[in-house]
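In what follows, a structure is listed as C-alpha cells, so that the remarks can point back to it.
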Amino acid sequence: MSPAPPPDRIPPISRDFLIVGEGQGDAAFVRYLCATRKIDISNFQIEDAGGTGKFEAYISGLRFRPKFDLTKGLLIVGDNDDSPDENFSNIQNHLKKGKLPRPAQRLQVAKHTADGLAVVVMMLPYTSGGGATRGSLETLLLKSVNDSYPAIGTCIDTYRGCIPAKGRTNNQEDKFRLRCFLTALWVDEPNISLQYAVSPSKELIDLNHECFNEVAAFLRGFANLCTTPARV
Amino acid sequence: MIKSLEVKNFRCYKNLYLRDLKHFNIVVGEGGSGKTSLLEAIFLVAGASPEVWMRLRQWRGFSPIFRLSGTRDSYESLFRDIFHNFEKHKPASIRMVEYNDRARTLRIFYPKQDGYSPGGKNSNDAQENAYLVEPITFGWTTKGKEQRSRVDVKDGLLRFSGFNNVYPVWFTSPAINEGLTVATLFSELSLKKKATNLVNAIRTLYPNVQDVSVESIAGELALCVSIDDVPEKLPIGTISSGLTHFLSIMVAIFTNPFGVLLIDEFEVGFYYANLEKVLEVIFSFCQEHNVQVIASTHSYEFLRTLLPIMKQRQGTEYEFALLRTQRTGSESAIKELGDPSAAVESNFEVR
C-alpha cells in the first residue's frame, strides 16, 4: 500500500509579524476582525496551529522555519478554556521547548535580546490587563451573537432547559449555546465551523460589537508593542 | 564520530564552526548555499592525500583528464576553487573534533619557499615567474603531528607525496559513479563471509532479489543481482538507480563501522512508496554499525518520511539534527537547529 500523501505545507514566513491562533477559528477570527476594524495586517502573517493537540509541536518547531530569525513579533492566541492558568503555563512551556522568549504574564512582551523577537501571548476570552477568565473564543463570540439575535437566544434558553446538562462546564455551556445559534442561523450548513462562521460575509457574528474592542485595540498596537523596549 | 567542525577559507566558507553534530545530521538549504561544500570539507579532512581533491573535482563535473600548459596559472587553476573567494594566499583549513576529543586538521596552502619551475629550471627572474610553480601542500595533523603531502608536477604528471592515515568516511552522491569501488568492497565483505546480512537487508526491500555477487563483465568487475524469473544475472546499474544507491549506502555502512557516511541528495533514485522502508533499514544499520550520517536533501517528502524515525530516536544517543546552509553574497553560513521533528510534524517548510 502506498503511503498517504503528505499534508499541505505551511508556507515560509514572509512577513515581519506572525500571529498564531491555537485553532483555525482563532486565526480566522483575528484575520476577519482586523479586516472589519481596518487594522493594517499587510505585515502580519496569520496562521493556525491546527488545534490544542498540535500547539506544542507548532510552537516548538517555529525556529526551524527559514527566515524565522527575521521575524520581529510573534503573537500566540490561545484559549483559557476551564483552566486559564494551566493553559497559559502550557504555552509558556511550549515556548521554552522551542527556545523562544517566554512572557511571564499574558499580554506581556518577552525578548531574548533588546532588538530580537518579541513574543506575546493573548488568551481568549480577552481580559483587560492580562487577567484570566474561564472561557474561549466562543465565549467572546457568544456575546456578539446574543445581542444580534436576542429572540433566538430566548429559544435556546428554553431548549437548554429541556436537555440534560449535568457536568457541563461554563466553557462547554458557551460552546453549546454558540453552536445552537450557528446551527439555527446558517441553513446551508447547520454544522458550519467557526473559521467560516466568523466571516463577515456570513453575517452571523458582528465583529464591530463592543466586546471585541479591546482585542482590536491590542492587535492595532501589536507591531508598536513589539518594537518598544521590553524586559529582556 | 564527529562532534565539531571548523572550516576556514574553504570554498564558500570563510569561517564556519559547527559545534554540536549529532549521530544523524540532515543538511538543507537553497541550491548553491554550501551543502555539498560542507560534505566535501569533511571528506577532505578525512582523506589521505591531495588525490581526494582531484576526486572531488571530478564529482563536480571536471574531467579526470586535464592538460597543464606549464604555467603557474595553469597549475593553480586545479586548486583555485579550494580557497574562499580564490584567496590562495591564506591557507584553507578544516578541523574536526571527535566525541572522544581527538582532533584532525587539514591545512591547504602554498608554501612560498618551495617555488620551482615545472621544467626544472629555478629562476627568480620576474619574466619567468609565470612559470614558477609553488607546489600546493596539504598538511594533515593528527595526534599533534602534521604530515604533509605536496602536489608536484614531474615529467608531465601530477605526483602526490606523503600519504597520511585516513579517517573512515564514505561520500556518496548522484554525481559519483562508484560502481567499481562498491563491487570491490562487496567482494571483500563476501570473501570474509560478511555479505549475508547485507544481502538479507537488500531482500527486505527488494524481495525479488535472490542474490548479489561480483562478476567480471568484459574484464570489469561489476555488482550483479539474481532476480526472480530472469534467466541470467543482471548488472545492478541496469536494474534501478534506487537499488544502486541503496546498495552503495549499505556497503558503505558495512565497511565503515564507527565511520561517517556523507550522502549528497539522499532521496535521489528512491521510489516514494519505498522511501519509508529504505530509510528505516539504512538508519537502523547505521545505528547498529555506529555510523554517523551527514546527508543533504532538497526533499520535503524525505523529511516527512523521516519523521517517525526521528521521533523514535528522541532522547537517545542516536538523535537527529537539522543544519541549514544560507548564503549571503560570496559567503555561506550554517545554522545548527537541533531535532526538527516538531517542525516537520507541523508541516513547516524547513528546507
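Here, each number is a calculation from the coordinates, and none is a lab measurement. What you are looking at is a predicted structure, and each value in this text was computed from that prediction instead of being measured. Here Cβ is always computed from backbone atoms with ideal geometry, including for glycine, and neighbour counts include all displayed protein chains.
Once you have all Cα-Cα distances for segment B:29-74, histogram them in 10 Å bins from zero and send the whole-percent values.
Calculated P(r), rounded to whole percents: 23, 43, 29, 6.
Setting aside same-chain residues fewer than 8 positions from A:K72, which aspartates and glutamates have a Cα under 13 Å from its Cα?
Qualifying aspartates and glutamates at Cα under 13 Å: A:D16, A:D115.
Kindly provide the helix-only [θ] at 222 nm of chain A, computed as the sum of -39,500 (n - 2.57) over DSSP H runs of four or more divided by all residues, to the nearest 500 deg cm²/dmol?
Helices in chain A give a 222 nm mean residue ellipticity of -13000 deg cm²/dmol.
Can you give the FRET efficiency for B:F62 and B:Y17, using 1/(1 + (r/R0)^6), R0 = 25 Å, r = Cβ-Cβ distance, to the nearest 0.05?
Values: r = 29 Å, r/R0 = 1.17.
Approximately 0.30, to the nearest 0.05.
About its Cα centre, what dipole magnitude does segment A:17-101 give when the only charges are +1 on Lys and Arg Cβ and -1 on Asp and Glu Cβ, stated in debye to the nearest 20?
580
Give me the net charge for the shell around B:S299: Cβ to Cβ below 15 angstrom, other residues only, Lys and Arg +1, Asp and Glu -1. Intermediate results must be reported in sequence, preceding the final value.
Values: positive: A:R9, B:K35, B:R304, B:R324, B:R351; negative: B:E30, B:D264, B:E265, B:E267, B:E276, B:E301, B:E349.
Net charge around B:S299: -2.
Using the scaling law 2.2 N^0.38 Å as the reference, what is the normalised Cα Rg of the protein assembly as shown?
In units of the 2.2 N^0.38 Å rule of thumb, it is 1.25.
To make sure I understand the rule: partners must be lysines, Cα under 19 Å from the Cα of B:K14, and not fewer than 8 residues away in the same chain. Which ones qualify?
Excluding near neighbours in sequence, the set is B:K35, B:K88, B:K90, B:K335.
From the phi angles alone, apply the Karplus equation (6.51, -1.76, 1.60; θ = phi - 60°) to segment B:247-257 and give each ³J(HN,Hα) in whole Hz, x where the residue is Gly or Pro.
5, 4, 5, 5, 4, 4, 5, 5, 9, 10, x
Could you tell me the relative contact order of chain B? Use alpha-carbon pairs under 8 Å, at least six residues apart, and round to a whole percent.
22 percent.
Counting each pair of different Cα atoms once, what's the Kirkwood radius of chain A in Å, rounded to one decimal?
18.6
For chain B, what does the helix formula give at 222 nm: sum of -39500 (n - 2.57) over DSSP H segments with n ≥ 4, over the residue count, nearest 500 deg cm²/dmol?
That comes out to -8000 deg cm²/dmol.
What is the diffusion coefficient of chain B in µm²/s, taking the Kirkwood radius over Cα pairs and the Stokes-Einstein relation at 25 °C with a viscosity of 0.890 mPa s? Don't skip to the end; give the middle numbers.
Numbers: Rh = 21.8 Å.
Diffusion coefficient, whole number: 113 µm²/s.
Please express the Cα-Cα pair-distance distribution P(r) of segment A:145-232 as a list of whole percents, one per 5 Å bin, running from 0 to the bin with the greatest distance.
3, 11, 17, 19, 16, 11, 8, 6, 4, 3, 1
Within straight cross-link reach of B:K193, meaning Cα distance under 18 Å, which lysines are found once same-chain residues fewer than 8 apart are removed?
none
How big is the Cα convex hull of segment B:183-275 in projection, averaged over all directions, in nm²?
Mean projected area of the Cα convex hull: 6.6 nm².
If R₀ is 22 angstrom, what is the calculated FRET efficiency for the pair B:A218 and B:N177, using the beta carbon separation as r and rounding to 0.05?
Efficiency, rounded to the nearest 0.05: 0.85.
Tell me the net charge near B:P235. Cut-off is 15 Å between Cβ atoms, B:P235 excluded, with +1 for each Lys or Arg and -1 for each Asp or Glu.
Net local charge, B:P235 excluded: -4.
Can you give me the distance in nm between label points at A:K166 and A:N93, each placed 7 Å from the Cα along the Cα-to-Cβ direction?
Each label point is offset 7 Å from its Cα along the Cβ direction, giving 3.2 nm.
Compute the convex hull volume of the Cα atoms of segment B:193-351, divide it by the residue count, and report the result per residue in Å³ as a whole number.
Expressed per residue, the convex hull around the Cα atoms of segment B:193-351 is 147 Å³.
If R₀ is 51 angstrom, what is the calculated FRET efficiency for the pair B:E51 and A:K72, using the beta carbon separation as r and rounding to 0.05?
Efficiency at R0 = 51 Å is approximately 0.50.
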